[in-house]
1. Hey, can you tell me all the residues within segment 287-310 that are part of a strand (DSSP E or B) and out of contact with any strand residue (DSSP E or B) (no Cβ under 7 Å at 6 or more places or on another chain)?
2. Which residue pairs have Cβ atoms under 9 Å apart, sit 6 or more places apart or on different chains, and have a first residue in segment 51-80 that is farther than 22 Å from PHE102 by Cβ and a second that is more than 16 Å from ligand 2 (Cβ to nearest atom) and part of a strand (DSSP E or B)?
3. Looking at segment 230-256, which of the residues that are of a type in the set (D, E, K, R) and touching a residue at least 40 places away in the same chain (Cβ under 8 Å) is farthest from CYS140 (Cα to Cα)?
4. Out of the residues in segment 172-188 that are hydrophobic (A, V, I, L, M, F, W, C) and in contact with a Phe, Trp or Tyr (Cβ under 9 Å, 6 or more places away or on another chain), which is nearest to ligand 2 (Cβ to nearest atom)?
5. Looking at (1) part of a helix (DSSP H, G or I); (2) in contact (Cβ under 8 Å) with a residue 24 or more places away in the chain; (3) surrounded by 14 or more Cβ atoms within 10 Å (Cβ to Cβ), which is the one condition that is false for LYS201?
6. Only residues that are more than 16 Å from ligand 2 (Cβ to nearest atom) and either out of contact with any Ser or Thr (no Cβ under 8 Å at 6 or more places or on another chain) or farther than 16 Å from HIS291 by Cβ (or both): list them for segment 320-339, please.
7. In the set SER249, SER278, SER206, which member is in a loop (DSSP other than H, G, I, E, B) and either at pLDDT 95 or above or among the basic types (Lys, Arg) (or both)?
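The values are calculated or read from the model by the stated rules, or taken from the named source; none is laboratory data. These numbers come from a predicted model, not from an experiment. Neighbour counts are summed over all protein chains in view; Cβ atoms, including those assigned to glycine, are modelled from backbone coordinates with ideal geometry.
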Amino acid sequence: MEKISSSFFARGEKKIFKRVRLLPLYGFPHHKDVGHREKIPGRKYFIHLDFDAFFAQVEQRDNPKLKNKPISVGGNGGIKGIVMTASYEARACGVKTGMSVFEALQYCPELISVPCYGQKYETIIQRILTEFKNYLPEDCIEQYSIDECFLDITPVVNDYFQAAKFAYMLKKLIMNLERLTVTIGLSFNKTYAKMASKFHKPDGLSLVREENKPDIYNLPASKMWGVGKRIERRLNYMGIFTMGDLANSSIYAVHKEFGVNGVILRKLARGEDTSMVSGAKARQEKSFNHHHTLTDPVYEPHEVESEIRRMVEYISRKLRCKDLVTRYFVLTIRYDDLGFVSETLRLSYYTNDERELFGAAMYLYKKLPEPCKSRKARMFGVTVFDLHKNMGINLDLFKKYLGFPFKEMDYLKEKYGERIIRIGLNSL
Ligand code: DCP
Ligand code: CA
């Protein structure tokens, strides 16, 4: 009997639950234990599927010399640039996404930095999503990010037993097609499925059923999808430390602190996420870029600033139009001697607000060689990547700029052109 790497919650005698891992397939809970064979009306089954150390795993697959070695993937390889992801061997030494490669080398001197081949990774995920269409209706498949997707498998399974079998089949399918491992979370709503996929990485399979809610409630609130460090601090300040605290918190208190987003967060924590997968048509974009080459190169600070601003305004509007937020911002300048420089900044939160992105752009600009009379800037470019759907639960951000009429501003720009309205520079 083949062994699988899997885990699911089961009630233990002493502990509230235990995670069962490395079960053979027949070890999944028998249908008698997990419910009825016939569909339970209203119950849905969602999978969150996440590739393990995605870019790094692909590079290790494609270059046998990198197997079992600490590697980082990012930029053009080499010591300049940022770690976009690291292999598990590198993570064990403390290398983390978002570090500069230079810093990562302090933790792990044997680190091998390899370039990022964005198109290759995108092709892999597309091939897999296309394959999924042989098993699921297209509108039950949602690509959520470059290496994550949600699947609504309700149409093809009747109970958790079949759902777990289906999840396992997907893991095998991906291994056969691409020789890559993924971690899967399976639950009755998307939020819990997403949380479950974190429980047993890499190559895991975790199941959260309705009766596991008390186990979920024992987890720290920071495990909640969308709760970063800053929100966690604010929750802690309110006396909310666990998922259960959040789920059972006063609706008025969370509303007072976070507005409507707090109410949503509380609802998600309670396992009452009713959102559906958004289907193949709403496929997630991976990155956007916008470049502009000038007929007359510039070097005066106000001209440069104005060009950068134009790029940022455009990219922010594009993000808002697709309801996406970004965390990585790249500024590129090409000079009239054809010199080419580029800097990347990782923001501490996701945003599509041009005031934030303009701040990032100007911060990066100051790190680049300043254009001058003898070396003017001919081309400006901005790229944003690591794009996510705007969940509206980046609470700090929301609160800070609540009420800014971006929608109205974008509408005017759509109708009358880019220059019809701009945010005053002093508000940037
Ligand atoms: N990535 C990125 N920007 C980030 C984080 C990651 O472009 N801020 C890229 C590199 C990753 C891929 O996206 O390989 C997927 O990101 P994940 O956060 O899912 O990280 P990994 O797949 O690398 O690791 P894990 O095993 O924790 O999922
Ligand atoms: Ca991943």
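1. Answer for segment 287-310, where residues must be part of a strand (DSSP E or B) and out of contact with any strand residue (DSSP E or B) (no Cβ under 7 Å at 6 or more places or on another chain): THR295, ASP296.
2. ASN63/VAL114; LYS65/ILE112
3. To start, the set of residues in segment 230-256 that are of a type in the set (D, E, K, R) comprises 230, 232-234, 245, 256.
Within this subset, residues satisfying the condition of being touching a residue at least 40 places away in the same chain (Cβ under 8 Å) are 230, 234.
Details: ARG230: 33, ARG234: 36 Å.
Applying the filter and picking the extreme gives ARG234.
4. VAL182
5. Unmet for LYS201, out of (1) part of a helix (DSSP H, G or I); (2) in contact (Cβ under 8 Å) with a residue 24 or more places away in the chain; (3) surrounded by 14 or more Cβ atoms within 10 Å (Cβ to Cβ): (1).
6. At the first step, the residues of segment 320-339 found to be more than 16 Å from ligand 2 (Cβ to nearest atom) are 320-326, 329-339.
Within segment 320-339, ARG320, CYS321, LYS322, ASP323, LEU324, VAL325, THR326, TYR335, ASP336, ASP337, LEU338, GLY339 qualify.
7. Values: SER278 fails: either at pLDDT 95 or above or among the basic types (Lys, Arg) (or both); SER206 fails: in a loop (DSSP other than H, G, I, E, B).
Only one candidate passes the filter, namely SER249.
Yes or no, residue by residue, for (1) at pLDDT 95 or above; (2) among the small types (Gly, Ala, Ser):
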| residue | (1), (2) |
| --- | --- |
| PRO137 | no, no |
| GLN143 | no, no |
| LYS165 | yes, no |
| TYR168 | yes, no |
| LEU177 | yes, no |
| SER187 | yes, yes |
